[in-house]
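Undergrad: Below you'll find the structure I mean.
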Ligand SMILES: [Zn+2]
């Protein structure tokens with residue numbers, strides 16, 4: 001039974017690691033609460049209110065995807 005638990009933990013960490021590796025970084029505008037693809041022209045224009053963070057975190061902070069780049 002201990003072995004099963006260890007394998008479960010092992011798999012959990014692999015999945016967790018993959019999630020971290022796949023986290024998409026977006027440019028989040030803290031003023032308009034919109035997040036952009038890093039290549040979006042609006043993201044490149046936005047220098048004062050924007051921060052780079054994971055898409056998931058941007059959504060958790062109330063962010064909405066940009067209509068131009070799709071986030
Ligand atoms: Zn955009």
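The numbers here are math on the coordinates, done by the rules we state, and not lab data. These numbers were taken from a predicted model, which means no experiment stands behind them.
Undergrad: State the extension gain, in nm to one decimal, for the chain segment bounded by residue 5 and residue 52, taking 0.36 nm per residue of separation less the distance between their alpha-carbons.
TA: 13.2 nm
Undergrad: Quick check: residue separation of residue 65 and residue 23 times 0.36 nm, minus the Cα distance between them. What number comes out in nm?
TA: Taking residue 65 through residue 23 to full extension adds about 13.6 nm, to one decimal.
Undergrad: What length, rounded to one decimal in nm, is gained on full extension from residue 15 through to residue 30, with 0.36 nm per residue of separation minus their alpha-carbon distance?
TA: Gain on stretching residue 15 to residue 30: 2.4 nm.
Undergrad: Please compute the contact order of the chain in relative form: average sequence separation of alpha-carbon pairs under 8 Å and at least six residues apart, divided by the residue count, as a percent.
TA: Contact order relative to length: 32 percent.
Undergrad: Which value at 222 nm does the chain reach when only helices count, each DSSP H run of 4 or more adding -39,500 (n - 2.57), with the total divided by all residues and rounded to the nearest 500 deg cm²/dmol?
TA: -13500 deg cm²/dmol, from helical runs alone.
Undergrad: Just check the chain against the gyration tensor rule for me: Cα atoms, a ≥ b ≥ c as the square roots of the eigenvalues, rounded for a/c under 1.5, and otherwise prolate or oblate depending on whether a/b exceeds b/c.
TA: It comes out prolate by the Cα gyration axes.
Undergrad: On to the next question. If the elastic network links every pair of Cα atoms under 10 Å, which of 53, 11, 33 fluctuates the most in the Gaussian network model of the chain?
TA: 11
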